[in-house]
Amino acid sequence: ESDWGDDDDDDDWDTKKRSSGDRVRFSMIDIGVSSYLHNDGFELPAELDEFDLLYGGSINVNWHFFRHRLPIIKRTIFLEYGLGASWMQYKFSNDFKIMEDATEFTTIPIDDDLRKNKLKTTYLNVPLMLTITPGKRDNYYISGGVYGGILVGSKQKIKDSSGDVEKTKDDFNLNKVRYGIEGRLGLGPVSFYAQYSLKDLFKDDQGPQLTPINIGLSIVGF
């Protein structure tokens, strides 16, 4: 009698896969703060005062379409990779506009007390991490590795004192390719992440020298 298609075999395979720690998760979500550094510090020089941030509106959201933990050493050390999208929103404390379609990076002041002034960027991301789970529970872990991304959209949104909204889509001389280092720490129901870009927000000599960083919580994680 043939065992082809026997459900018991499938159950055994699934059990072995789970016991090895091999795991795929879909639609994981991070929410945190977007910021940037200048010369490895948060304080900006006088010539970059207009890029001072309001952190209450500077937000990072990472949506991981999927992440896969592939065991290297059974239930202890894993190679982790995936695919996702990352949104960075920088809310400026000053009133200015970045000129679109400009050959050189240019900003112009706005003579109005703006309600909102935001730059939003969207990247498609691929992470590659080494993850260690010291116990039997997958949600206790420490991860470190790298990520790379491609710019797929950017816009500046301005809301003036009368409530009128202006949205300008442009690349604003942003770096279209980014890469950096990433760390994650899982402590049961709570997990944290941090990302440090090794590429400036804007192209070399075509915008202010600002190094993006993101810090926050994994709302839906492993």
* **Nitroxide proxy distance, nm - points 7 Å out along Cα→Cβ at LEU124 and ALA85** => 1.1 nm
* Structure fact -> A chain fully extended from THR107 to ARG137 at 0.36 nm per residue, minus the present Cα-Cα distance, gains in nm 5.7 nm
* Asked: What length, rounded to one decimal in nm, is gained on full extension from LYS74 through to VAL152, with 0.36 nm per residue of separation minus their alpha-carbon distance?
  -> 24.3 nm
* How far, in nm, would the chain grow between GLU50 and PHE96 when pulled straight, counting 0.36 nm per residue and subtracting the alpha carbon separation? -> 15.8 nm
* **Cα-derived Rg to Rh of region 25-86, Kirkwood definition** => 1.20
* To do: Just the number, please: Stokes-Einstein D of region 69-168 in µm²/s, Kirkwood Rh from C-alpha pairs, 37 °C, 0.692 mPa s.
  => 195 µm²/s
* Asked: Which value, in Å², gives the accessible area per residue of the chain when a 1.4 Å probe is used on the protein heavy atoms?
  -> 55 Å²
* **trypsin sites (Lys or Arg not before Pro) within region 150-222, DSSP loop, no more than 14 other Cβ atoms inside 10 Å** => LYS176
* Computed over the chain, the ratio Rg/Rh where both radii use C-alpha atoms and Rh is Kirkwood -> 1.11
* Return the carbon/sulfur percentage of the accessible area of the chain, one whole number, probe 1.4 Å, all protein chains in place. => 56 percent
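The values are calculated or read from the model by the stated rules, or taken from the named source; none is laboratory data. It should be emphasised that the depicted structure is a prediction, and the values quoted were computed from it without experimental measurement. Every residue, glycine as well, gets a Cβ built from its backbone with ideal geometry; the counts of neighbours run over all protein chains shown. Protein only, heavy atoms only, side chains kept; ligands, DNA and RNA dropped before computing areas. Shrake-Rupley method; radii C 1.70, N 1.55, O 1.52, S 1.80 Å.
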